[in-house]
Amino acid sequence: MSREPPGAERGATAGASQAIDAESWAFALELYAEPGIADACLQLQNECGVDVMMLLMATFAAVRRRVALTPSDVAAMDAACRDWREQIVLPLRALRTTLKSGPAPAPNEQTEKLRSSIKAAELSAERLQNESLAQWLAKLPPRSRALQRNDIIGALRAVIDFALQERRGEPSAAQLSLIGVIADTASRLSN
C-alpha cells in the first residue's frame, strides 16, 4: 500500500493555484484589453465600488473553471484579498489618480514619470492580488458542465451586489447591461 509523503497534498494544491494564477492573469489581461471591457470595469468600479480584480476572477471562474460564484463565495473571495487591496492597491491607485492634477508641482513631465512608476507598482500589486485570488479559487473544484450565460451573469451580479452592500444600493439597468457585455466577451474569448 502506497502512502503520499507528508505535504504532497499541499504541493498539489500549490501547483494548482500556480496554474490558475498564470491562466487567470493571462485571461484578465486579454479580457481587459477587449474593446469596451476596461471602460465597463472602471464604470462598475467607480459607480458601484466593484473590485475589478474580483470581477475578473469571478469571470474567469465562471468561463474557464465552470464555477459560478455564489454570494457567500464572493464574501470569502473578498476576505482573501481585502487587506491587500485596502492597504496596498487602493493607496497606490489614490496616489496615481492624485498625480493627474496635483498637488504642485504636478502635473508636469517629472511628476508624470513618477505617476507612471506608481501605475506600474499598482499593476504589480494587482498581479499579487490575482495570485491570492487564484489560491482561493484553487480550493473550489471545477464543475463538469459549461455554464450558461445566465450562470455567468449571476456570478458577476454577486460581485456587484457585494460591492453595493456598503452603499445600500441596487445596480442600475445600465450597470447590469455592463455585466452582460463582460459575460458575452469573456464567453467569446473562451470558445
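Averaged per residue, what accessible surface does the chain expose to a 1.4 Å probe, in Å²? Intermediate results must be reported in sequence, preceding the final value.
Details: 10530 Å² over 191 residues.
Value returned for the chain: 55 Å² of accessible area per residue.
If packing is taken as the average number of other Cβ atoms within 10 Å across a peptide's residues, how do 43-53, 150-160, 77-87 rank, most packed first? Walk me through the numbers on the way to the answer.
Details: 43-53: 19.5, 150-160: 21.1, 77-87: 16.0.
The most tightly packed comes first, giving 150-160, 43-53, 77-87.
In whole angstrom, and with the biggest value first, how far do the Cα coordinates of the stretch 1-141 range along each principal axis?
The principal-axis extents, from largest down, are 71, 29, 25 Å.
Given a Förster distance of 25 Å, report the FRET efficiency between A75 and A121 from their Cβ-Cβ distance, rounded to the nearest 0.05.
Numbers: r = 28 Å, r/R0 = 1.12.
The pair A75/A121 has a calculated efficiency of 0.35.
What nm distance separates the two modelled labels at L140 and L90, each placed 7 Å from Cα along Cα→Cβ?
The modelled label-to-label distance comes out at 2.2 nm.
Expressed in nm to one decimal, what extension gain is obtained for the pair N108 and D83 from 0.36 nm per residue of sequence separation less their Cα-Cα distance?
That works out to 5.7 nm of additional length.
Could the peptides 161-171, 56-66, 178-188, 103-113 be put in order, highest first, of the mean number of other beta-carbon atoms found within 10 Å of their residues? Spell out each step's value before the answer.
On the way: 161-171: 14.5, 56-66: 24.4, 178-188: 18.7, 103-113: 10.7.
Per-residue Cβ counts within 10 Å, averaged per peptide and sorted highest first, yield 56-66, 178-188, 161-171, 103-113.
Got a number for carbon plus sulfur as a percent of the stretch 12-118's accessible area, 1.4 Å probe?
Summing carbon and sulfur atoms, their accessible area is 57 percent of the total for the stretch 12-118.
The values are calculated or read from the model by the stated rules, or taken from the named source; none is laboratory data. Everything quoted here is computed from the prediction, not taken from an experiment. Because the Cβ atoms are built from the backbone with ideal geometry, glycine has one as well, and the counts that use them run over all protein chains shown. SASA here: full protein model, heavy atoms, side chains in, ligands and nucleic acids out. Shrake-Rupley method; radii C 1.70, N 1.55, O 1.52, S 1.80 Å.
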